[in-house]
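For reference, the structure is listed below as structure tokens.
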Amino acid sequence: MCLGVSRTGTPPAHVSLLLLYSVYDGRVLHTQRLAGEAALDRAALRWTALDAQEPVSQALRMLTLLAPLAPLEDPTKPAAPTGLFGAQAARLAQRNSDTRPSSGISQGRGVLAHIPSLLQCPVEAGWRMRETASAAPAAETPSKRTPALLYCIDGAGLLHVLLDGTIALGVVDMAHGAVSLEATTASVSSICTDNDSYTLVHVPLEPPTAAVHHLAALSTALQFHFAHPLDAAHYAAKAWLSLVRPRAAEWHTQLEDVAGRHGVDIVLELCALVTTGRASEAAEQLLLHNLTEGATISMETDAKRGLKLVRRFAGTAIVPACERALILITELQGCAAWIERYGALLHVADTARLATAACKVQTCLAVGIVLQECAERELLALDEFFKWWRMEQDRQERLKVEAVAPPVITYHDTLTVLEQLQRGFLSPELDALLGAPDDGAPARAAAPAPPVTSDVSHEAVPPLIDPVEVCFEGGLAEGCGGSSSDAPRAARDADVLSALDAALEWLDTPREAATSAPTDAQVRGVYATPQLFAGPAYMYTGPRLLPGDKRTLVQRLEDVCEDTASVLSAALGRAAVATPQTSSLAVPHDVLLRDEALRSAPGDVAERMAPLVRTAADAPSQPGGTASAHVHAWARHLEGDAWIDVMRDTGAVGAVSIPRSAVLDVAFRSATCLIVLYRDEHGAALGAVDVGAALRGNRASTDPAFRTIMRLDVRNAHDEPVQPARLALFSHGTGVVLSTDAKTMTYVDARLYS
């Protein structure tokens with residue numbers, strides 16, 4: 001369906017959309033915005049089958065041999081309802097509340113929608129595991145089907161060529177709006193209008209080459225393998241912001257409350273409790289009274305669940321999807337280097353842009369690994385903290401009833417607990433990778449100054465734990481999403497080279513001259529036990545040395561999608577380049593006009609009249625060939641008689657007369673047979689026009705090119721006579737006549753006019 005949307009105002013704006021719907025459940029499969037800003041006064045669409053072979057791709061074959069990616073699930077999704085319609089209700093609720101980046105592809109929203117893609121099911125393609133029966137979509141788009149070309153002429157006279165109706169292969173300027181359209185894989189012909197004059201325009205086209213099909217398949221696979229990590233990063237951020245971070249904020253609220261009540265530094269009090277085992281009044285209050293066992297369990301459960309989800313999304317979705325996307329981009333780089341086959345599609349500048357995209361994918365892959373490691377570190381730290389917390393709670397409760405402190409066996413790592421208390425429960429690394437809720441929020445207004453009094457309990461106090469800002473900076477070459485400064489990379493390269501030289505020198509040293517024991521530097525660098533947190537958090541330099549900038553993982557992936565989409569859209573848009581050929585044959589001005597628009601409008605809206613023009617294409621002259629000629633037919637009324645004009649795009653013109661009749665509708669049975677719905681003094685009837693005889697130029701009063709097939713007696717459900725108005729013919733031969741009441745349909749046997 002071609003949809004035109006206009007906005008009134010100064011200046012007015014217009015946009016044309018091409019929507020593809022599923023015949024199974026009516027959902028929107030794809031939305032394509034057409035180029036141009038002209039108002040959609042009229043449009044013409046035509047599908048044509050395409051004889052194309054499966055593209056040979058080593059990258060796609062590798063993806064099918066790998067294990068499919070696991071489907072993703074919203075971490076905050078409620079439990080599925082039970083009952084007869086439980087699964088259907090759950091699917092509908094998920095569709096209405098779906099906010100993941102891939103949900104906007106079918107509506108043409110988001111960066112993923114800009115990547116050209118075919119309507120291919122990732123499950124059938126072997127890229128993703130099939131979900132359970134209860135959660136499976138109602139209808140999957142099959143991956144194995146006959147490809148097709150969709151031709152569309154919009155109101156501005158632009159001919160859009162789309163592969164499978166989704167990938168734009170090019171635009172041809174027809175100069176005028178189309179009245180009719182007929183197309184094959186080799187050519188397009190259209191009757192165009194301009195100021196009430198009609199002209200036949202013929203556009204020769206080349207069928208899509210194997211290179212076009214190859215790039216389309218790679219682009220489709222890239223869209224999915226970018227959509228999967230984007231959705232995973234979205235869900236990881238959702239788990240962090242909805243499960244982990246609120247619980248960490250609750251811990252900080254409890255600490256600040258106790259610190260304010262007792263006027264102490266609760267962080268130092270807890271650190272002293274960890275090292276000495278002696279609890280202050282504030283620490284005892286926090287351990288035994290402020291936090292119950294149920295609240296502690298709830299905090300621990302939600303925090304660990306959120307971190308496990310982050311770790312799972314990073315390890316099972318983001319990292320493998322980025323690896324597979326890198327395989328696809330590598331093959332695209334190989335295609336760009338093959339000038340003989342892909343030179344017309346991929347230009348020299350695209351080689352550098354693909355190299356930049358590959359570099360950014362590698363950065364996203366590294367960030368995904370860091371995300372997994374950070375989540376794992378936080379899980380280990382929380383586990384050690386709660387071990388100590390429960391041990392200390394039990395010990396303090398026993399001290400209340402026992403005179404002597406009971407012996408306690410510690411199972412926690414003291415250094416990890418101390419570092420967790422000093423840094424706080426909010427991970428700066430995860431905030432930098434997944435985002436914080438305050439990002440982009442306006443600064444809060446300054447609080448009014450408190451009154452001057454001797455009581456200082458109400459005065460603002462500095463936060464117990466200073467937030468740590470994490471920034472992934474430096475080390476990435478300019479143009480690949482990093483900083484322009486290359487000093488960090490150079491420094492690391494120098495360190496690596498110096499270490500390599502020292503190792504080679506040590507290997508060249510005779511064995512007897514080598515020291516038997518390792519040096520202090522070797523002990524600290526090799527034999528030292530790695531700690532969960534290497535010193536205070538503000539001194540931690542692990543993932544912060546990762547190349548990049550201050551963007552989150554979602555922003556990095558969106559940046560890669562934009563770069564890849566620009567390259568592939570431009571490359572595939574160069575596939576259909578043609579020059580229209582305008583014929584000097586003119587269409588008569590008295591063509592029968594009729595309101596054929598299907599629109600949602602009140603009944604009193606004025607009709608938009610359009611010429612009644614029908615088209616058909618010749619059958620291939622040989623098996624596997626393409627049609628080379630198109631036939632256009634229209635009706636007109638002259639001096640009480642009806643005339644059917646037939647025109648080929650090759651220049652042949654013919655006319656057939658129907659005396660004392662009025663044409664209601666026409667439809668092609670084939671390129672050689674035209675069915676006419678007309679009305680004369682005897683009532684409604686169906687007639688057949690021999691296109692070949694009409695083109696031979698016979699204009700006799702009793703025209704042998706026309707014959708009446710049958711008379712129609714159309715009645716509604718109440719056995720009342722109604723007047724026929726529309727005619728439709730299907731490929732299998734069935735004919736349908738729609739009455740003027742728009743409620744009565746009459747079926748016609750194809751054998752009557754075959």
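What follows draws every value from the coordinates through simple rules; no lab data is involved. In this text, all values refer to a predicted model and were calculated from it rather than measured experimentally. Cβ: placed from backbone, ideal geometry, glycine included. Neighbour counts: every protein chain shown.
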query = Amide H neighbours of F425 under 5 Å, counting only residues 5+ apart in sequence or on other chains, H built in-plane at 1.01 Å?
reply = none
request  = Amide H neighbours of L205 under 5 Å, at least 5 residues apart or on other chains, H built in the peptide plane: list them.
outcome  = S187, V188
message = Given R₀ = 41 Å, what would the calculated FRET efficiency be for R27 paired with H637, taking r from the Cβ atoms and rounding to 0.05?
response = 0.40
query = Of K304/K360; K238/K550; K238/K360, which pairs sit farther than 26 Å apart, going by alpha carbon to alpha carbon?
reply = K304/K360
key: Long-range amide H partners of A655 with built H, under 5 Å   = V646, G697, N698
note = For S280, the net charge from surrounding residues (Cβ-Cβ under 14 Å; K, R +1; D, E -1) works out to -3
request  = Can you put C335, C322 in order of Cβ neighbours within 10 angstrom, beginning with the fewest?
outcome  = C335, C322
remark   = Compactness summary of segment 311-357: radius of gyration and Dmax from Cα atoms, Å, are 13.9, 45
inquiry  = Could you list F425, F313, F224, F386 so that the one with the fewest beta carbons within 10 Å of its beta carbon is first and the one with the most is last?
reply    = F386, F425, F224, F313
